[in-house]
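J.: Below is a structure I'd like to ask you about.
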Amino acid sequence: MGTVVDDAASVEFHAFFERHYAELSRLAHLLTGEPDTADDLAADALLALWHRWDRVRAADHPAAYARGVVANLARTRIRSAVRERRRITLFWSQREEKTENPDVAGVVDVREALRRLPFRKRACVVLRHAFDLSEKDTALALGISVGTVKSQTSKGMAELQRLLGTQKATQKVHAVMARTGETRGRNR
């Protein structure tokens with residue numbers, strides 16, 4: 001039997017879930033590059049938040065805490081996938097994956113370039129440019145300093161410019177995210 005506090009916490013968590021699930025799923029998708037995994041990671045993160053809801057609801061920035069949980073789950077997922085790929089390459093010859101069509105859509109180019117960035121750089125670029133978070137909010141979400149956010153975002157964007165072959169990587173990232181509905185779609 002639930003108490004008044006339990007019922008209030010449940011209602012509060014449900015509202016948090018409704019407000020942030022789509023954003024957390026988009027974040028997971030952009031960090032992992034796996035649309036099918038994104039919903040699972042968002043659900044896993046929200047389940048973890050529910051188990052710690054008393055602490056989460058008392059936090060200064062519950063949404064930033066939730067983004068951090070998603071980022072950590074995505075990092076774990078990526079590391080697991082890397083380990084699995086290494087095991088598979090022991091048994092199968094590695095094929096080079098190259099795009100044969102020079103007119104591939106910008107979405108594919110940007111996402112592929114993002115996948116090539118190390119996790120922390122990718123997370124900083126995605127949160128800063130696709131989710132339009134401030135340096136402070138990005139630092140809160142990832143559990144790192146603002147200075148680290150600045151340097152990792154700068155290095156990540158420089159790497160994207162190199163990978164995309166353009167000095168306008170920032171505009172290209174924003175344009176691609178806007179076209180796919182993945183930027184500025186968060187609820188506050």
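The values are calculated or read from the model by the stated rules, or taken from the named source; none is laboratory data. Here the structure is a predicted model, which means the values were calculated and not measured. Cβ sites come from the backbone with ideal geometry, for glycine too, and all protein chains shown count toward neighbours. When the accessible area is computed, the model is the full protein with side chains, heavy atoms only, and any ligands, DNA or RNA have been set aside. Shrake-Rupley method; radii C 1.70, N 1.55, O 1.52, S 1.80 Å.
J.: Being outside any loop (DSSP other than H, G, I, E, B), at pLDDT below 90 and either in contact with a Cys (Cβ under 7 Å, 6 or more places away or on another chain) or farther than 26 Å from Lys150 by Cα (or both), is that true of even one residue in segment 62-79?
T.: no
J.: Only one of these is surrounded by fewer than 21 Cβ atoms within 10 Å (Cβ to Cβ), modelled with pLDDT under 90 and hydrophobic (A, V, I, L, M, F, W, C): Val107, Val146. Name it. Talk me through it step by step, then tell me what you get.
T.: On the way: Val146 fails: modelled with pLDDT under 90.
Just one listed residue meets the conditions, Val107.
J.: Another question about this same structure. Would you please name the residue that is most open to solvent (accessible area, probe 1.4 Å), looking only at residues in segment 29-47 that are more than 18 Å from Ala123 (Cα to Cα) and in contact (Cβ under 8 Å) with a residue 24 or more places away in the chain?
T.: Per the stated criteria, the residue is Asp44.
J.: Among the numbered criteria (1) modelled with pLDDT under 70; (2) touching an Asp or Glu at 6+ places or on another chain (Cβ under 8 Å), which single criterion is violated by Thr170?
T.: Among (1) modelled with pLDDT under 70; (2) touching an Asp or Glu at 6+ places or on another chain (Cβ under 8 Å), the lone unmet condition for Thr170 is (2).
J.: Just to verify a result, which residue in segment 118-139, among those that are over 18 Å from Arg26 (Cα atoms) and crowded, with 17+ Cβ neighbours inside 10 Å, is modelled with the lowest pLDDT?
T.: We begin by selecting, within segment 118-139, every residue over 18 Å from Arg26 (Cα atoms); these are 118, 135-136, 139.
Adding the requirement that they be crowded, with 17+ Cβ neighbours inside 10 Å leaves 135, 139.
Working: Glu135: 94, Ala139: 91.
Among those that are over 18 Å from Arg26 (Cα atoms) and crowded, with 17+ Cβ neighbours inside 10 Å, it is Ala139.
J.: Among the numbered conditions (1) within 11 Å of Ala28 (Cα to Cα); (2) buried (at least 20 other Cβ atoms within 10 Å of the Cβ); (3) not charged (D, E, K, R), tell me where Asn72 comes up short.
T.: (2)
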